[in-house]
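To start, the structure under review is shown below, and the notes come after it.
The values are calculated or read from the model by the stated rules, or taken from the named source; none is laboratory data. Note that the structure is predicted; figures quoted are calculated from it, not measured. Reconstructed Cβ throughout: ideal geometry from the backbone, glycine too, with neighbour counts over all protein chains shown.
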Amino acid sequence: MLIQEAMSVFWQSLRDTWEELLPLTVVNIVWFLSWALPLFAVVSVGIPILTFLLLIVGVLLFPVSTAGIYYVTHRVARGKTFHFADFVDGVRIYWWRAILWLLANLLVIWLIWVNLWFYSGRVEGLLGLAIGGFWLALMLFWFVMQLYFWPMLIQLEDPRMLLAWRNSALLILVNPFYAFFFVSFTLLIAVLSTIVAIILIFAGMTIIALLGNNAVLILLHKLGKIDDPRPPTPPV
């Protein structure tokens, strides 16, 4: 049943994007420009200190603006409308968590890479392959957790990051097939956005965020953890 629900998440996210196309396009463009302009400016600036500052600004604004995207798409996934002020609110509320999220991801990726490098040069044969496979699987699991992280964090009444990561891991383990389809749809949009730049600029991140929010809310509802995020409208 949850595999069917995973399919419905994809189509629901596309419908949400169409129904809220203009405001979602606006916030997606703001999201893209917020981090892309400083990074693009790095190429043309010849002053080392200014280049370094622009690089830092661009890298930090990526997770901060991403938090704003997930915040507004959380409203859309609950069947609500939003205004640009909601995007600003999302950035204001979650900006420091977004920076910590980025740092945590960099730390985890570095630790996994160090372990892969360390064991690959010291352990050979089947044991070496098994250890390498373990760390690669751990990296994949961590990546999938990040797709659940922001929708889960925003859903929590007490938005604690460790709790959001723990719950994200539990959602994957509860139904790995659901997670597989969800990740596949997310990768499909990410690849299309990479190939066709206009999708990335105008809609790519909002569709990915909608996929995440819809996936988490529907799964939590099916597990009996929350009420229906989109209760049917009572007849007049």
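In the set (1) under 17 Å from Tyr71 (Cα atoms); (2) more than 18 Å from the chain's Cα centre (by Cα); (3) not aromatic (Phe, Trp, Tyr), the condition left unmet by Val91 is number (2). Please go through (1) over 29 Å from Leu22 (Cα atoms); (2) small (Gly, Ala, Ser); (3) loosely packed, with under 12 Cβ neighbours inside 10 Å for Ala169 and return the number of the only condition it doesn't satisfy. Every condition holds for Ala169 apart from (3). In the range 23-40, is there at least one residue being farther than 30 Å from Ile56 by Cα and of a type in the set (Val, Ile, Thr)? No. Pairing residues of the range 162-190 that are touching a residue at least 12 places away in the same chain (Cβ under 8 Å) and in a helix (DSSP H, G or I) with residues that are of a type in the set (S, T, N, Q) and buried (at least 19 other Cβ atoms within 10 Å of the Cβ), at Cβ distances under 9 Å and at least 6 apart in sequence or on separate chains, gives Ala164/Gln155; Asn167/Gln155; Phe185/Ser13; Ile189/Ser13. Taken together, Val174, Val236, Val183 contain a single residue that is at pLDDT below 95, more than 17 Å from Thr66 (Cα to Cα), of a type in the set (A, V, I, L, M) and buried (at least 17 other Cβ atoms within 10 Å of the Cβ), which is Val183. You will find that of Trp95, Trp18, the residue that is in a helix (DSSP H, G or I) and within 16 Å of Leu211 (Cα to Cα) is Trp18 and no other. Every condition in (1) assigned to a helix (DSSP H, G or I); (2) without any contact (Cβ under 8 Å) to a residue 60 or more places away in the chain holds for Asp158 except the one numbered (1). Entry remark, the range 41-50: residues being surrounded by 15 or more Cβ atoms within 10 Å (Cβ to Cβ) and part of a helix (DSSP H, G or I) number 2 in total.
Just one of the listed residues (Trp95, Trp101) is modelled with pLDDT of 95 or more, closer than 30 Å to Val9 by Cβ and touching a Gly at 6+ places or on another chain (Cβ under 9 Å), namely Trp95.
If only residues of the range 66-89 that are more than 22 Å from Leu217 (Cβ to Cβ) and in contact with a helix residue (DSSP H, G or I) (Cβ under 8 Å, 6 or more places away or on another chain) are counted, the one that is surrounded by the most Cβ atoms within 10 Å (Cβ to Cβ) is Val88.
Being surrounded by 16 or more Cβ atoms within 10 Å (Cβ to Cβ) and closer than 22 Å to Val216 by Cβ: is that true of Leu147 here? When the stated conditions are applied, Leu147 passes them.
Consider Ser13 carefully, then state whether it is surrounded by 18 or more Cβ atoms within 10 Å (Cβ to Cβ), over 30 Å from Phe181 (Cβ atoms) and under 18 Å from the mean Cα position of the chain (by Cα). Against the criterion (surrounded by 18 or more Cβ atoms within 10 Å (Cβ to Cβ), over 30 Å from Phe181 (Cβ atoms) and under 18 Å from the mean Cα position of the chain (by Cα)), Ser13 does not qualify. Here Ile198 meets the list (1) touching a Leu at 6+ places or on another chain (Cβ under 7 Å); (2) assigned to a helix (DSSP H, G or I); (3) among the β-branched types (Val, Ile, Thr); (4) surrounded by fewer than 17 Cβ atoms within 10 Å (Cβ to Cβ) almost entirely, failing just condition (1).
Conditions tested, residue by residue: (1) under 17 Å from Asn213 (Cα atoms); (2) not in a helix (DSSP H, G or I).
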position	(1), (2)
Ile109	no, no
Val114	no, no
Tyr119	no, no
Arg122	no, yes
Leu127	no, no
Met139	no, no
Phe149	yes, no
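For the range 171-229, a residue qualifies if it is among the polar types (S, T, N, Q) and touching a Gly at 6+ places or on another chain (Cβ under 8 Å), and the qualifying residues are Thr186, Ser193.
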